[in-house]
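Please read the structure below before turning to the comments.
The values are calculated or read from the model by the stated rules, or taken from the named source; none is laboratory data. Computed from a prediction, not measured in an experiment: that's the story for all the values here. All Cβ positions, even for glycine, are placed from backbone atoms using ideal geometry, and neighbour counts span all protein chains on display. These accessible areas exclude ligands, DNA and RNA; they are computed on the full protein's heavy atoms, side chains included. Shrake-Rupley method; radii C 1.70, N 1.55, O 1.52, S 1.80 Å.
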Amino acid sequence: MVPFRGREKPLAELHEWAGAAGVLRLVHGPGGQGKTRLAYEFAEQLAERDWAVVWLDPACRAEELTVLADTVTPLLIVIDYAETRTGQLVALLETLTRRRHSSPVKVLLLARTAGGWWDQLAATNDVVRDAMDTAQVQVLPVLDDTASARAETYQAAVDAFAAALNRVPGLQDTPWATPASVLSARPPQMSDQRRTVLAVQMGALADLLDTAHPSSSTEAAGAGGGSRGPEDRVLDHERRYWQSTAQSQGLNLTSATLIDVVAATVLLGPTTPEEVGDVLTRVPGMADQPTDRHEAVRGWLMHLYPAGEQGTFEGLQPDRLAERLIGRLTLDHSRANVVDVLAPTVQPLEATRLLTVCTRAAAHAVFGESVSQAVTRWCTRHAETLLVPAIQVATQVEAPGPLVQAIDQAVGDITADADVLAELERALPRQSQVLAETAVILGRTLVARHRAVLAQDPSSDPSDLALSLNSLAVRLGALGCREEGLEVVNEAVDIRRRLAKQQPETFLPDLASSLNNLSNRLGALGRREEGLAAISEAVEVYRRLAEQRPETFLPDLTISLNNLSGRLGALGRWEEGLEVINEAVDIRRQLAKQWPEAFLVNLASSLNNLAIQLGALGRRKEGLAAISEAVEVYRRLAEQRPDAFVPYLAISLNNLAVDLGELGRREEGLAAIGEAVEVYRRLAEQRPEAFLPDLAMSLNNLAIRLGALGRREEGLAAISEAVEVCRRLAEQRPTVHDDDLNRCLRVLAWLQGNQSAT
């Protein structure tokens, strides 16, 4: 309804992508930011240039996609809510590999986040990884970031809606131009919560409708307290519309049943008339109705919300309005909640949709914690149908707290069914910031279960316990729980050493894996000599295994070589470390040429390590070349999978800044370390235990770069913050962080003029 405005730059970037290499582009941003509107404008402009445009139906099956392999014109495929449609996206990409024509094809993904779902997508198969290697990721910023800009959007929306309401049956007799002129002339009353373009436009619509039919808070079913926004006011008018149209069609259903019918379609997302009919059979108040009544209600729904351009039922729109309806119903404790009624019978895809809507509803600020607590209760009460889908949804939504709390309760239950825990372990992603603590809870539970089995029968196989201990140690390390991680991995090494003596052909690889893990844990605690001994043994084992089966164990050998180089460097044995890392780089470069999607990230890790070794030996130009290549790889990976690779990008930026500074390229070095500090700040806010040490060291580097440019005041501010962080860390773990504190204190003294060099 409202004219397109204010997105000229993102639109130009989309057109640039249309003419460039690569198939995939992800545009993400919070709900109501205008992602879909931008995509519609882009699609319309491409259509004018004779592109074919397909908005992919969520219900489209894999076999129905095959027609897209035969297209001969340029093709744009748009997938909205891509974070909830990864299976369909995989099928689409596989189909596109079979295209027989060279005309361009582009797949535009729209999502609210680029988090865990995007990371997991890359691990699907080679076809998907190939597409993601050239994927572009675009964050959609706030459209109107000032009060005056929002006022302009409001006035444009008022004028557009006034013209449109003149065409709505039953509203043509209202002279909408009169209230529109009044509303456009006065400054809009907008709270801080109404900052998205959707909220501003919804406020304009509510203000217009209120001039004809003033809404009141008593109309909101299940209002349940809390402040009301434009969504609630629009819902008031929407409910009135439901009731008036139902009465005109002689349905004679209660208001509660009408609301539950609409809510059920919101929660389960039916797209065809048949699916709508199936949903109606599960709605409270409809189960005992005769067939003709079901047909009448289905007809009412299809009339209420006519099929979209693709002939599919879309239901209540926009999503922000649908989410507010579910939130308000959740607060209504006077009757059974439709979610509780539907949850026991939902299929996996339905469960994903239901949890996505409910969790996003819980994030509406007006509800406080009430809806969040209800979402957690639903997941635990209906664990059989909701718990595994909750893991997937937690990586897709912006505020997954209620889901994570429910999953944590389930995985922390040592008395839970073993098959349930195994299913949850399989569902948990290998890398996820959102579920990192959850993975530790599950790891501890599994270890406790395996210990209980061995306590009952000491002769049973301990290899499962060792596997769980090794995995738990890795998870603990990711959270910064270094001492506990060391204790756990030591036990894993002991078990696997005994097993390897008995059956070396079976358990030697497992022993080497645990030794590698042990070295990392020791290194993180500053126990460098012990860490070197552990990784040296791991390298020796992997060399023997790689000689026998190189296709299987060469990648593992390079991991251990990479870590051995780091341990040698930490002890000042730079020449030996350089020799080792050069071997790792050579092997990984060969592997990355053959399988770039699998081994590019490993190559970048070794290049980062190589740059450190070269820099320590004064070979700065060679080091700069290596670290520049690493940064380039990590930047590309971090754009595609930020949840997994942003920390690695920050590490490489920190090292890039050092080499640039040492080569006299101080401004470039300052830019690199400034970016690293910004990244580490965000990471440390999420995981202080894991990332505060990195933040302190990047601040130390920043202070040096600023001091070298004569910007001592700024340098003092940076190093003072680093010293404060290191003091706190050193109080907790003096053996680990004393050296870092002393390093920062030396830089502080230099900047204060108390010593001449760092």
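Can you sort 148, 184, 255 by 1.4 Å-probe accessible area, starting with the largest?
148, 255, 184
At 7 Å along the Cα-to-beta-carbon direction for both residue 742 and residue 452, put a label point, then send me their distance in nm to one decimal.
4.8
Which of the three applies to region 638-758, rounded, prolate or oblate, going by the alpha-carbon gyration tensor with a ≥ b ≥ c and a/c under 1.5 meaning rounded?
Cα axes put region 638-758 in the oblate bin.
Hey, with R₀ at 41 Å, roughly what FRET efficiency would residue 69 and residue 426 work out to, going by the Cβ-Cβ distance, to 0.05?
0.80
One quarter of the convex hull surface, Cα atoms only: what value does that give for region 1-144 in nm²?
Reported value for the Cα convex hull: 8.6 nm².
Heads up, I need the accessible area for residue 117: 1.4 angstrom probe, whole protein in place, Å², nearest 10.
Answer for residue 117: close to 10 Å² accessible.
Given the chain, what whole percent of its Cα pairs are spread farther than 40 Å?
Tail of the P(r) past 40 Å holds 44 percent of the pairs.
Less than 13 Å from a label point 7 Å out along the Cα-to-Cβ axis of residue 752: which backbone N atoms in region 703-745 qualify, by residue?
Taking a point 7 Å out along Cα→Cβ of residue 752, the residues of region 703-745 whose backbone N falls under 13 Å are 716-717, 719-721, 723-724, 744-745.
First measure r as the distance between the Cβ atoms of residue 575 and residue 21, then evaluate 1/(1 + (r/R0)^6) with R0 = 51 Å and state the FRET efficiency to the nearest 0.05.
0.75
Using only the alpha-carbon atoms, how far is helix 688-708 inclined from the longest principal axis of the chain? Give it as 0 to 90 degrees, nearest 10.
Tilt of helix 688-708: around 70 degrees.
Principal axis extents for region 565-719, Cα atoms only, whole Å, descending order, please.
Principal-axis extents of the Cα atoms in region 565-719, largest first: 49, 34, 26 Å.
Between residue 146 and residue 333, what is the label-point separation in nm under the 7 Å Cα-to-beta-carbon projection?
4.7
Restricting to DSSP H runs of at least four residues, report the calculated mean residue ellipticity at 222 nm for the chain, -39500 (n - 2.57) per run over all residues, nearest 500 deg cm²/dmol.
The helix-only estimate for the chain comes to -22500 deg cm²/dmol at 222 nm.
Ignoring ligands, DNA and RNA, what percent of the 1.4 Å accessible area of region 58-110 is carbon and sulfur?
Answer for region 58-110 is 56 percent, counting heavy atoms of protein chains only.
Pop the C-beta distance of residue 731 and residue 127 into the FRET formula with R0 = 56 Å and round what comes out to the nearest 0.05.
My answer for the efficiency is 0.65.
In whole Å, what is the distance between the alpha-carbon centres of region 586-630 and region 408-435?
Spelled out, the Cα-based centre of one part sits 36 Å from the other.
Over region 535-628, with the other protein chains present, what is the accessible area per residue in square angstrom, probe 1.4 angstrom?
Accessible surface, normalised per residue, equals 45 Å².
Report Rg(Cα)/(2.2 N^0.38 Å) for region 27-109, keeping two decimals.
Compared with the compact-globule rule of thumb, region 27-109 sits at 1.09.
Cα-Cα pairs above 11 Å in region 309-350: how many percent?
74
Starting from one equal scatterer on each C-alpha and no solvent at all, send me the Debye-based log10 I(q)/I(0) for region 340-486 at q = 0.18 Å⁻¹, two decimals.
-1.02
Using a 1.4 Å probe, what is the accessible area per residue for region 382-467, in Å²?
For region 382-467, the solvent-accessible area averages 48 Å² per residue.
Explain nothing, just the number: relative contact order of the chain, from Cα pairs under 8 Å at least 6 residues apart, as a whole percent.
Answer for the chain is 8 percent.
So how much slack lies between residue 9 and residue 461, counting 0.36 nm per residue of separation and subtracting their Cα-Cα distance, in nm?
The residue 9-residue 461 span can extend by a further 156.6 nm.
Mind running the shape call on region 354-425? Use the C-alpha gyration tensor, a ≥ b ≥ c as the square roots of the eigenvalues: rounded below 1.5 for a/c, prolate if a/b tops b/c, oblate otherwise.
prolate
Ignoring ligands, DNA and RNA, please state the percent of accessible area on region 482-538 from carbon and sulfur, probe 1.4 Å.
Carbon with sulfur: 45 percent of the solvent-accessible area.
When the chain is fully extended, how far beyond the present Cα-Cα distance does residue 621 get from residue 295, taking 0.36 nm per residue of separation?
Length gained, residue 621 through residue 295: 109.8 nm.
For a paramagnetic label modelled at 7 Å from the Cα of residue 134 toward its Cβ, which residues of region 1-45 fall within the zone defined by backbone nitrogen distances under 13 Å?
In region 1-45, the label zone of residue 134 (backbone N under 13 Å from the point 7 Å along Cα→Cβ) covers 17-25.
Which percent of the accessible area of region 605-678 is formed by carbon and sulfur heavy atoms (probe 1.4 angstrom)?
The value for region 605-678 is 49 percent carbon and sulfur by accessible area.
Applying the Karplus parametrisation 6.51 cos²θ - 1.76 cosθ + 1.60 with θ = phi - 60° to the phi angles of region 77-84, what ³J(HN,Hα) value in whole Hz is obtained for each residue in order, glycine and proline being reported as x?
Once θ is set to phi - 60°, the couplings for region 77-84 become 10, 10, 10, 7, 6, 4, 5, 9 Hz.
Can you list the equivalent-ellipsoid semi-axes of region 59-173, largest first and in whole Å, using the square root of 5 times each Cα gyration tensor eigenvalue?
Working through the eigenvalues yields semi-axes of 37, 21, 14 Å.
Ranked by accessible surface with a 1.4 Å probe, highest first, in what order do 358, 481 come?
Result of the area sort, largest leading: 481, 358.
With the cut-off at 1.5 for a/c, could you classify region 474-588 from its C-alpha gyration tensor as rounded, prolate or oblate?
It is oblate, given that a/c is not under 1.5 and a/b is not larger than b/c.
Can you return the lysines within cross-link range of residue 106? Criterion is Cα-Cα under 21 Å, with same-chain partners fewer than 8 residues away left out.
9, 35
Could you state the angle between the C-alpha long axis of helix 574-594 and the longest principal axis of the C-alpha atoms of the chain, as a value from 0 to 90 degrees rounded to the nearest 10?
Compared with the principal axis, the helix lies near 40 degrees.
Kindly provide the GluC sites (Glu not before Pro) of region 249-325 that DSSP labels as loop, not H, G, I, E or B, and whose Cβ sees at most 13 other Cβ atoms within 10 Å.
309
Label residue 48 and residue 536 with points 7 Å out from Cα along Cα→Cβ: what is the distance between them in nm?
Spacing of the two 7 Å Cα→Cβ label points: 7.1 nm.
Using a 1.4 angstrom probe with every protein chain in place, what is the largest-first accessible-area order of 506, 174?
Most to least solvent-accessible, the answer reads 506, 174.
On full extension of the chain, what length is gained from residue 419 through residue 254, given 0.36 nm per residue of separation minus the C-alpha to C-alpha distance?
Extra length available between residue 419 and residue 254 comes to 55.0 nm.
So how tilted is helix 147-165 from the main axis of the chain? Cα-based, degrees 0 to 90, rounded to 10.
Once rounded, the angle reads 40 degrees.
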